[in-house]
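Contents: one structure, followed by commentary.
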Amino acid sequence: MISSISEWEPLVEELSQYAKVILYNRAGCGKSERGTKTRNLNENAKDLHTLIHKLELNDPILIGHSYGGLIVQYFAIHYPNIARSLILVDSTSVDAHLLDEVEIEGGDETSTRAWIQKCKEYATLSKEHLQVEMEGWIETLKKKLPLQTHNEISEHMSNPYMFEILGEELEHDPFYMKELKVQLDGFPDLPTIVIGRDPEVSIKQMLEHEGLEIREAEEIERIWQSLIQEQTNLNSQTEYMLARGSSHDIHKEKPKQILNLACSLLDMTY
């Protein structure tokens, strides 16, 4: 939900040798305008549909990571017969609310409720103040990404409008997630690949970087993995792939896997 498209540039540079690749920031993020409507899954899917129509794209392969994967699922249901195939990269689930039910000692700063509150606070800060507030996160990202992306990363992470729309999405999306869950039986039968993170790596990251107890991390990961496995039932053509050795950020840690899977779909469809 908060990532810059800069994170995808190393992967896209290679993938663009085989196909036309389009990256975009959703409304309110990066240089994309915030717009006038309340932000939610429905509006994000509409924007994707408008983008595809405006660029006159035929039979695109849609790749969505995390929240982007949830948007792709919503899009596939509401705009069938547009995408040729889908890749869901450790995608958010329609039942993501189950993660908030894990009891975290001392309170969970990553819960939906906590993030809504943070976003409301961050949205009131100036760009300069926000850059100071997000300094640790920005520096961590810079260490993992090429030098030419660093300015864009700083700009992206210090945008108060992004936190404003993020807060709206977190607040309003549960309604659309419930709607989507009911509609999943009608998911279009097109080639779909579900990529899931490595549970051992993910648990280790939660212990080291989020300060969780082992019991808490294991329970969160158990739920996450079960939600990923449920996505393998989206249609009769869904395949599951484990991103062995990767945490949630598969596009940064195991980009070759996404590249190879996208190329396999290109061979299948063109």
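The values are calculated or read from the model by the stated rules, or taken from the named source; none is laboratory data. Here the structure is a predicted model, which is why all the values come from computation and not from measurement. As a convention, Cβ positions derive from the backbone with ideal geometry for all residues, glycine included, and neighbour counts pool all protein chains shown.
Worth a mention:
- Residue check for Asn159: within 19 Å of the chain's Cα centre (by Cα) and farther than 29 Å from Ile223 by Cβ: yes
- In the stretch 52-94, of all residues being touching a residue at least 40 places away in the same chain (Cβ under 8 Å) and on the phi > 0 side of the Ramachandran plot, the one that is surrounded by the most Cβ atoms within 10 Å (Cβ to Cβ) corresponds to Asp90.
- Filter pass, Gln183 being under 20 Å from Ala96 (Cα atoms), assigned to a helix (DSSP H, G or I) and modelled with pLDDT under 95: no
- Remark: pairs (first residue in the stretch 232-249, at positive phi; second residue among the acidic types (Asp, Glu) and crowded, with 16+ Cβ neighbours inside 10 Å; Cβ separation under 8 Å; 6+ apart in sequence or on different chains) = Gly245/Asp198; Gly245/Glu253.
- Subset of the stretch 180-210 (residues that are out of contact with any strand residue (DSSP E or B) (no Cβ under 7 Å at 6 or more places or on another chain) and over 16 Å from Ser247 (Cα atoms)): Leu180, Lys181, Val182, Gln183, Leu184, Asp185, Gly186, Phe187, Pro188, Asp189
- Test: Asp173 is modelled with pLDDT of 95 or more, of a type in the set (D, E, K, R) and in a loop (DSSP other than H, G, I, E, B): no
- Residues of the stretch 227-268 that turn out to be in contact with a Ser or Thr (Cβ under 6 Å, 6 or more places away or on another chain), in a helix (DSSP H, G or I) and of a type outside the set (D, E, K, R), as a count: 3
- Looking only at residues of the stretch 183-204 that are farther than 12 Å from Gln225 by Cα and acidic (Asp, Glu), we find that the one that is surrounded by the most Cβ atoms within 10 Å (Cβ to Cβ) is Asp189.
A quick yes/no check of all residues on (1) among the charged types (D, E, K, R); (2) within 19 Å of the chain's Cα centre (by Cα):
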| residue | (1), (2) |
| --- | --- |
| Lys20 | yes, no |
| Leu23 | no, yes |
| Gly35 | no, no |
| Asn42 | no, yes |
| Ile61 | no, yes |
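- Test: residue in the stretch 74-81 that is at pLDDT 95 or above, aromatic (Phe, Trp, Tyr) and more than 16 Å from the chain's Cα centre (by Cα): yes
- The residues in the stretch 1-42 that are polar (S, T, N, Q), crowded, with 20+ Cβ neighbours inside 10 Å and at pLDDT below 95 can be counted, and the count is 3.
- Among the candidates Asn81, Asn25, Asn58, Asn42, residue that is assigned to a loop (DSSP other than H, G, I, E, B) and in contact with a helix residue (DSSP H, G or I) (Cβ under 7 Å, 6 or more places away or on another chain): Asn25
- Applying a threshold of 6 Å to beta carbon distances and a minimum spacing of six or more residues, or different chains, the list of pairs starting in the stretch 172-187 at a residue that is in contact (Cβ under 8 Å) with a residue 60 or more places away in the chain and among the acidic types (Asp, Glu) and ending at one that is assigned to a helix (DSSP H, G or I) and surrounded by 16 or more Cβ atoms within 10 Å (Cβ to Cβ) reads Asp173/Leu41.
- Residue list for the stretch 130-166, filter: under 14 Å from Arg26 (Cβ atoms) and part of a helix (DSSP H, G or I): His156, Tyr161, Met162, Phe163, Glu164, Ile165, Leu166
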